[in-house]
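What follows is one structure encoded as structure tokens, with my remarks underneath.
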Amino acid sequence: MTEQTQQQFSLQRIYVKDVSFETPQGHEVFRQQWKPRVNLEMNTKQNRIDDNNYEVVLTLSVTASLEEKTAFLAEVQQAGIFLVAGMSESQLRQVLSTVCPNILFPYAREAIDNLVTRGSFPALMLAPVNFDALYQQAVKQAQEKAQAEAPAIN
């Protein structure tokens, strides 16, 4: 009789890995009317720590521009250590790409908002992100790319 491995998932720790805030124009930015164009870039990466522990890092980079000049740039790398065991490779990929960033995002969003307000700018509450939809889109694109690169069978 073989013992089936039970699926496990738990959060071990959440921490800030890196934080950056810049106001390239200095005091000049506060002399302009505040109607910024805000751009959000987001990235996740995963690192296996040991057999069942993974570090997941969610990076949020927010750039606010007035006309063509950068008003501020805020970047946060919010990280977490997660215990994940007993899952297939595809389940593991999905959990690390969706569940973990969903847990980390509110912390990263709060850190970005805190940086922006400490920089003397109006509060910036980022909209929620659907990591499940982003993951499905990435899987679909990878499948389409693989099909396009596959040699035709005659």
- In degrees between 0 and 90, to the nearest 10, how far off the longest principal axis of the chain does helix 100-118 point, with axes built from Cα atoms? 10
- Task: Answer with one residue from A74, Y54, S120: the one whose Cα lies farthest towards the positive end of the charge dipole of the chain, charges on Cβ with Lys, Arg +1 and Asp, Glu -1.
- Result: S120
- Carbon and sulfur together cover what percent of the accessible area of the chain at a 1.4 Å probe radius? 47
- Task: Sort 120-130, 137-147, 101-111, 71-81 for me by packing, meaning the mean count of neighbouring Cβ atoms within 10 Å per residue, highest on top.
- Result: 71-81, 101-111, 120-130, 137-147
- Query: Placing +1 at every Lys and Arg Cβ and -1 at every Asp and Glu Cβ, with all other atoms neutral, what dipole size does region 1-153 have around its Cα centre, in debye to the nearest 20?
  - Reply: 340
- Where does the chain land on the Kirkwood hydrodynamic radius, alpha-carbon pairs, in angstrom? 18.0
- Would you please give the FRET efficiency between S65 and I14, computed as 1/(1 + (r/R0)^6) with r the Cβ-Cβ distance and R0 = 30 Å, to the nearest 0.05? 0.50
- Query: For region 109-133 and region 52-73, what is the separation of their C-alpha centers, rounded to whole Å?
  - Reply: 10
- Just tell me which aspartates and glutamates come within less than 16 Å, Cα to Cα, of K69; anything on the same chain fewer than 8 places away is out. E22, E28
- Would you tell me the accessible area of L83, worked out with a 1.4 angstrom probe on the heavy atoms of the protein chains, in Å² to the nearest 10? 40
- Message: Straight-line reach from K140: which lysines fall under 20 Å, measuring Cα to Cα and dropping same-chain residues less than 8 apart?
- Response: K45
- Per the Cauchy relation, a quarter of the hull surface: what is the mean projected area of the convex hull of the alpha carbons in region 53-113, in nm²? 4.9
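The values are calculated or read from the model by the stated rules, or taken from the named source; none is laboratory data. Only a predicted model underlies this, so the values are computations on that prediction, with no experimental measurement involved. Glycine gets a Cβ as well: all are built from the backbone with ideal geometry, and neighbour counts include every protein chain shown. The accessibility values were calculated without ligands, DNA or RNA, using every heavy atom of the protein model including side chains. Shrake-Rupley method; radii C 1.70, N 1.55, O 1.52, S 1.80 Å.
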